[in-house]
Amino acid sequence: MAGRRTLSAAPVLLAVTFGVFALAALSPFDPVKAYAGTAGLTASQAELDQLRINLGVDRPLVARWWDWLTSALTGDLGTSAVMRQPVADVIAERVGWSALLAACAFTAAVLAGTVLGVLAARRTGGPLDRTVSALAYTLEAAPAFWLALLAIWFFSVRLGALPSGGLTDAGSDTVTFAQVASHLVLPALVLGVSQLPWFFLYVRQGVADALAEDPVRGARARGLAERRVLLGHALRSGMLPMLTLIGSRVPELITGALLVETVFSWPGVAAATVQAATSVDFPLLAALTVLATGAVLAGNLLSDLLYGLADPRVGFDG
Amino acid sequence: MAEQVWRTRGGARRSTRTLRVRACAAVMAVVVLAVLVVPPLAQLDQQAVDLAAKLQPPSWAHPFGTDDVGRDLLLRCVHGLRVSLLVGLVAALVATVIGTAVGAAAGALGGWADRIAMRVVDTLSAIPHLLLGIFVVAVFRPGLWPVVASVAVTHWLSTARIVRAEVLSLRGRPYVDAAVSGGASRWRVAVRHLVPGILPQAGLAAVLMIPHAMWHESALSFLGLGLPAHQASLGNLVQGARGSLLAGHWWPTLFPGLLLIVPTLAIAGLAGAWRDRLNPRRRSELTL
């Protein structure tokens, strides 16, 4: 079941790698001139042609794609020009930091969204619900990079309480837990806040709907405490659709990470993607695009599996 | 209990809803008017440098303050909003045309065409939008048209899905069957029965896409992968203000971002009202 789902993701991933190569082939950007740099202006045509053959750019698109794919399967993703190291090393060094940031932000968003959602759903249309909902819509419309900059202004410049970027203090060689923790707070906060509105609105809607259903009425009729009704009955059934949607939030999380990591100079893969794009570092950009696609597909797979586990009426192959 | 709250507040809710729609319409009117009228009519140069008045906080002379070379931020924001709205409109239009064409063709033709089109949609949806946009802009170099193209190629997917579903549901309706058995040509069925049915949904999707496209453009411009400096959009303004922000000047960052949020909320509010009219049974929350 899970295996079949995974297998159906493979063609998508293959198509994405090919699409990435096809797009790059359409690009007006000449990798030979980029590689040669200023020397390319004075080099003779014969030298440029030789370089073209050495780089393998003269070969047909499908052949280049096949070469990339076969060497990628053995762990060789080429060399990144902007990072000056193999792409596989860049990813290995950075993916952990990205995962740490995303996990902290996601956990914070889920916890805060659930608490606020339940409180708001308790009295739909009440003052708390109206305030938090209006705030959620505004936050949803606010670009993450703008929130990040305002957070830097308030917490780093104005209060001087938290560092404004990086992983460790400037001049420090070792990565200590305390330093990473203090540098993690702001990016995780901003990324979490940018994901929060969605969680909040979902929990609020789910719990509000569940409160109007028969099991809750039954629980009330049996005289259960309000807290028990809210948390034990309404939240439980209201959370069901939400649980399954968590995996489908990966694209938004990646989008947020691209902006937040860049603003905070967080040494993750998302910031590296932006760097690769600004300097047209194709091997790195291609590998990171495929990595992100893989993460999205994994998230979808997780959603499907959770759906099957949480709701036995849904078969895995349904 | 929840039902009681709904019932007792029904009247009040409806009136706040109307009020909200009117407020959204008023905000959009002001925004559109400002963007259309100010740049061509006002004889003001947004690039006018006044080093004596650099980084002035908001005041009556400069309601949004001035930036690090003394340019008036209100004027720059209006110009930036003009660029952002324009890119948003064009990109949303292009994306809607692509999405409607693909979705309608897939739904109407069915079979292999449908399967292939939906596979393409599924594959493209697996790449995060902003990442795909970054990729497109990176390989084609930043500029106005690559940005419009990158937003358009990432945003037509949802429209294609919506339109396809709509066409599939319309195809099974009795009045379409009646037209077919009455001997109407395929073309006539498509033009008279299918197109009017999908237009409202496609239009709604297009309107909702405008803020999304604006957001996208501003993110690309902020990352330095968007519009060139002489076509500064709101994203460029936020990017350009980073230096002053670290020196403690908040206004060059705050106002461009606010100007991105306000039209987004107004458009979403209007689109939500429209959706409620299209489908009164599903009074869903306005989503962005």
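Of the peptides B:235-242, A:44-51, A:115-122, the ranking by mean beta-carbon count within 10 Å, highest at the top, reads B:235-242, A:115-122, A:44-51. Across the stretch B:121-134, coupling constants 3J(HN,Hα) worked out from phi with the 6.51/-1.76/1.60 Karplus curve, θ = phi - 60°, read 4, 4, 5, 5, 5, 6, 9, x, 3, 5, 5, 4, x, 4 Hz, and Gly and Pro carry x.
Using only side-chain charges placed at the Cβ, +1 for Lys and Arg and -1 for Asp and Glu, the dipole size of the stretch B:76-287 relative to its Cα centre rounds to 420 debye.
Mind listing which GluC sites (Glu not before Pro) in the stretch A:189-278 are in a DSSP loop and have 14 or fewer other Cβ atoms within 10 Å? Listed in order of number, the matching sites are A:GLU213.
The loop-placed chymotrypsin sites (Phe, Trp or Tyr not before Pro) in the stretch A:210-318, going by DSSP, that have at most 14 neighbouring Cβ atoms within 10 Å of their Cβ come out as A:PHE316.
Summarising the amide proton neighbourhood of A:SER80: residues at separation of 5 or more, or on other chains, whose placed amide H is nearer than 5 Å comprise A:GLN85, A:VAL87. Classify the protein assembly as shown from the C-alpha gyration tensor, please: rounded if a/c falls under 1.5, else prolate or oblate depending on whether a/b exceeds b/c. It is rounded, given that a/c, with a ≥ b ≥ c, falls under 1.5. Using a cutoff of 8 angstrom between alpha carbon atoms and counting only pairs six or more residues apart, the relative contact order for chain B works out to 23 percent.
3J(HN,Hα) along the stretch B:185-198, derived from phi through the Karplus expression 6.51 cos²θ - 1.76 cosθ + 1.60 where θ = phi - 60°, amounts to 6, 4, 4, 5, 4, 5, 6, 7, 10, 7, 4, x, x, 8 Hz, with x in place of Gly and Pro. Averaged over peptide A:151-164, the number of partner chain Cβ atoms lying within 10 Å of each residue's Cβ comes to 2.
Dipole check for the protein assembly as shown: with +1 at the C-beta of Lys and Arg, -1 at the C-beta of Asp and Glu, and the Cα centre as origin, the magnitude is about 2720 Debye.
In the stretch B:121-162, the residues that give up 20 Å² or more of accessible area when the other protein chains are added, compared with the chain on its own (1.4 Å probe), are B:THR123, B:ALA126, B:ILE127, B:PRO128, B:LEU130, B:LEU131, B:ILE134, B:PHE135, B:ALA138, B:VAL139, B:PHE140, B:ARG141.
Summing charges over all other residues whose Cβ lies under 13 Å from the Cβ of B:GLN231, with Lys and Arg as +1 and Asp and Glu as -1, gives +1.
Around the Cα centre of the stretch B:58-145, unit charges on the Cβ atoms of Lys, Arg, Asp and Glu (plus for the first two, minus for the last two) sum to a dipole of about 160 debye. Is the shape of the stretch B:76-287 best called rounded, prolate or oblate, per the rule: a/c under 1.5 gives rounded, else a/b larger than b/c gives prolate, else oblate, with a ≥ b ≥ c the square roots of the Cα gyration tensor eigenvalues? Here the stretch B:76-287 falls in the prolate category. Sorted on the mean count of surrounding Cβ atoms within 10 Å across their residues, most packed first, peptides B:257-267, A:280-290 read A:280-290, B:257-267. Think of the stretch B:63-211 as a dipole: +1 on every Lys or Arg Cβ, -1 on every Asp or Glu Cβ, centred on the Cα centre; then among B:MET209, B:TRP187, B:SER150, B:TRP187 lies furthest on the positive end. The loop-placed trypsin sites (Lys or Arg not before Pro) in the stretch A:211-318, going by DSSP, that have at most 11 neighbouring Cβ atoms within 10 Å of their Cβ come out as A:ARG222, A:ARG313. With everything on Cα atoms, drop me the angle between helix A:177-211 and the longest principal axis of chain A, reported from 0 to 90° to the nearest 10. That helix lies at roughly 50 degrees to the long axis. Our coupling estimate for the stretch B:257-264, obtained by passing each phi through the Karplus curve with A = 6.51, B = -1.76, C = 1.60 and θ = phi - 60°, is x, 4, 5, 7, 6, 4, x, 4 Hz, Gly and Pro reported as x.
The values are calculated or read from the model by the stated rules, or taken from the named source; none is laboratory data. For clarity, every value in this text was computed on a predicted model and none was experimentally measured. Cβ sites come from the backbone with ideal geometry, for glycine too, and all protein chains shown count toward neighbours. Each accessible area value is taken on the protein alone, full model and side chains, heavy atoms only, with ligands, DNA and RNA left out. Shrake-Rupley method; radii C 1.70, N 1.55, O 1.52, S 1.80 Å.
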